[in-house]
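Asks: If you scroll down you'll find the structure; I have some questions about it.
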C-alpha cells in the first residue's frame with residue numbers, strides 16, 4: 001500500500017467535485033497562476049463527506065449515520081481506514097501551518113503583517129514534509145499534484161498557493177485547495193470525520209506504538225452549526241471528546257499486551273486536566289490561548305482496542321452526554 005500516491009488518489013475526488021460542482025454545491029475558482037480553489041462553505045451533505053475523505057488522502061471512508069443523544073436525534077459519521085498511519089498521520093492531521101506575510105508601512109517603519117494563516121491538512125502534507133512528524137515514518141508520495149485542505153473562511157490567493165506548490169515541488173497549476181470554515185455543514189462533517197485521526201494523534205502523544213495499529217473505525221456526532229467559527233470550534237471539539245467512539249485492532253505479542261493496555265488507559269479525553277466543561281467555556285477561561293489547555297483533552301471519549309494476536313480486548317473512557325447537550329444548546 002505504501003506505493004500508493006495519495007495526492008493522485010485524492011485528485012480523483014477533486015475531479016468528481018469539479019465535474020458535478022452544482023450537485024455538491026461547490027464553488028470552483030481558478031486563480032491566475034493556475035491553482036484551483038474549491039470553496040465548500042455551502043456544500044451539500046455529500047460534498048462535506050467528500051471533504052472528509054479528501055483529508056484522509058482517499059484512504060478512508062466517511063459514511064453518515066445517527067446518534068441518540070438522550071432522545072435528541074443527531075446526525076453522525078462512521079469513519080474507517082485500514083491504512084491509519086498514511087491516511088491519518090501523513091494526511092488528515094492538521095499539522096502544516098501555512099502562513100503568508102506582507103511588508104507594510106506603519107509609523108514610518110516597514111513591518112511584516114500576516115495576511116493569511118491556516119493549518120493545512122490533506123495529502124499535500126505528505127508532499128511538503130515540512131513537519132517534524134514525517135521523520136517518524138517512512139512514506140513518500142511522488143505525485144505530480146498537491147491537494148491541501150484549509151479550515152478557514154478566507155480563501156487562499158495566488159501567493160499562498162505559490163507557497164504550497166513550492167514546498168510540495170509541483171507546478172502551481174497542479175495545486176488544489178479545498179476550503180470551508182468550521183461554522184458550516186462541511187466544517188461540522190469534516191471535523192467529526194477526524195475521530196479516528198484524533199484518537200491516533202493522542203496515542204502518538206502518549207508514546208503508544210503506532211506501528212502496532214492495523215484497522216480503525218470511529219463514530220462521532222456532527223455538531224449543530226454554530227453562529228461563528230469560535231462557537232463551531234467548541235462544538236466540534238466536544239463532539240469528539242464528549243461522545244467520540246473509536247475502535248482499533250492492534251498486533252502485539254502477548255508479553256507486551258498488559259503494558260500496552262495499561263498505556264491505553266491514558267488516552268481518553270476524560271483523563272485530561274482540562275476535561276469537564278464544554279470546550280468553549282474552557283477556551284474562554286484561558287483567554288483563548290490554546291497553549292494553556294492541556295493537549296490531552298483533544299482525544300476521543302472512548303477507545304476500544306482488540307489485540308488480534310491474542311483476541312483480547314480493552315475498552316477505556318466514558319461518554320458525557322450532559323456535557324455534549326450543554327455544548328450543543330439542547331434542552
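Asks: Work out how far the C-alpha atoms of the range 194-331 reach from end to end along every principal axis, then list the three figures in whole Å, largest first.
Replies: That works out to 49, 27, 21 Å along the principal axes.
Asks: Now a separate question. Pop a pseudo-label 7 angstrom from the Cα along the beta-carbon direction at both residue 22 and residue 287 and give the gap in nm to one decimal.
Replies: 5.3 nm
Asks: Then there's this: Peptides 280-289, 84-93, 23-32: what's the order by average Cβ count within 10 Å, highest mean first?
Replies: Working: 280-289: 13.8, 84-93: 26.4, 23-32: 15.9.
Highest-to-lowest ranking by the protection proxy: 84-93, 23-32, 280-289.
Asks: Highest mean first, how do 220-227, 313-320, 231-238, 50-57 rank when packing is the count of other Cβ atoms within 10 Å averaged over residues?
Replies: Top of the packing list down: 50-57, 231-238, 220-227, 313-320.
Asks: Could you work out how far helix 254-264 tilts from the main Cα principal axis of the chain, as a 0 to 90 degree angle to the nearest 10?
Replies: For helix 254-264, the angle is close to 70 degrees.
Asks: Quick one: length gained pulling residue 158 to residue 65 fully straight, 0.36 nm per residue minus the C-alpha distance?
Replies: Full extension of this stretch gives 29.7 nm more.
Asks: Report the far tail of the P(r) of the range 51-161, meaning the percent of Cα-Cα pairs longer than 21 Å. Write out the running numbers ahead of the final one.
Replies: Details: 3094 of 6105 pairs.
Here the long-distance tail beyond 21 Å is 51 percent of all Cα pairs in the range 51-161.
Asks: Specify whether the C-alpha gyration tensor of the range 1-83 places it in the rounded, prolate or oblate class, a ≥ b ≥ c being the square roots of the eigenvalues: rounded for a/c under 1.5, otherwise prolate if a/b is larger than b/c and oblate if not.
Replies: Judged from the Cα gyration tensor, the range 1-83 comes out oblate (a/c at least 1.5, b/c at or above a/b).
Asks: Evaluate 2.2 N^0.38 Å with N set to the residue count of the range 216-258, then give the Cα radius of gyration divided by it. Could the numbers behind the result be given before it?
Replies: Details: Rg = 16.0 Å, N = 43, 2.2 N^0.38 = 9.2 Å.
The reported ratio for this selection is 1.74.
Asks: Based on DSSP H runs of at least 4 residues, each adding -39500 (n - 2.57), what is the mean residue ellipticity at 222 nm of the chain after dividing by all its residues, to the nearest 500 deg cm²/dmol?
Replies: Helices in the chain give a 222 nm mean residue ellipticity of -9000 deg cm²/dmol.
Asks: Something else now. Using only Cα atoms and rounding to the nearest 10 degrees, what angle (0 to 90) does helix 195-205 make with the longest principal axis of the chain?
Replies: Computed tilt is about 80 degrees.
Asks: Something else: Using a/c under 1.5 as the rounded threshold, could you call the range 101-194 rounded, prolate or oblate? The axes a ≥ b ≥ c are square roots of the C-alpha gyration tensor eigenvalues, and prolate needs a/b larger than b/c, oblate otherwise.
Replies: Judged from the Cα gyration tensor, the range 101-194 comes out oblate (a/c at least 1.5, b/c at or above a/b).
Asks: Now for a different question. Can you put 163, 206 in order, fewest other beta carbons within 10 Å first? It would help to have the intermediate numbers written out before the result.
Replies: Details: 163 18, 206 14.
By the 10 Å Cβ count, ascending, the order reads 206, 163.
Asks: Percent relative contact order of the range 1-110, based on C-alpha pairs within less than 8 angstrom and at least six residues apart?
Replies: Here the relative contact order equals 18 percent.
Asks: Take the alpha carbon gyration tensor of the range 256-331, find the square roots of its eigenvalues, order them as a ≥ b ≥ c, and report rounded if a/c is under 1.5; if not, report prolate when a/b exceeds b/c, else oblate.
Replies: Values: a/c = 4.28, a/b = 1.90, b/c = 2.25.
Verdict is oblate for the range 256-331.
Asks: Output the relative contact order of the range 202-244, whole-number percent, from Cα pairs under 8 angstrom with separation of 6+ residues.
Replies: 36 percent
Asks: Using a Gaussian network model of the chain whose springs link C-alpha atoms within less than 10 Å, name the residue from 134, 290, 261 with the highest mean-square fluctuation.
Replies: Among 134, 290, 261, the largest GNM mean-square fluctuation belongs to 290.
Asks: Residue 107 to residue 318: extension gain in nm, 0.36 nm per residue of separation minus the Cα-Cα distance?
Replies: Result for the pair: 70.5 nm of gain on full extension.
Asks: Which angle from 0 to 90°, rounded to the nearest 10, does the C-alpha axis of helix 6-19 make with the longest principal axis of the chain?
Replies: For 6-19 against the chain, the angle is about 70 degrees.
Asks: Right, something else. Suppose each label sits 7 Å from its Cα in the direction of the beta carbon; what would the residue 166-residue 258 distance come out to in nanometres?
Replies: A separation of 5.6 nm, rounded to one decimal place.
Only the coordinates and a few stated rules stand behind these numbers; no lab work does. Model, not experiment: these values are computed from the prediction. As a convention, Cβ positions derive from the backbone with ideal geometry for all residues, glycine included, and neighbour counts pool all protein chains shown.
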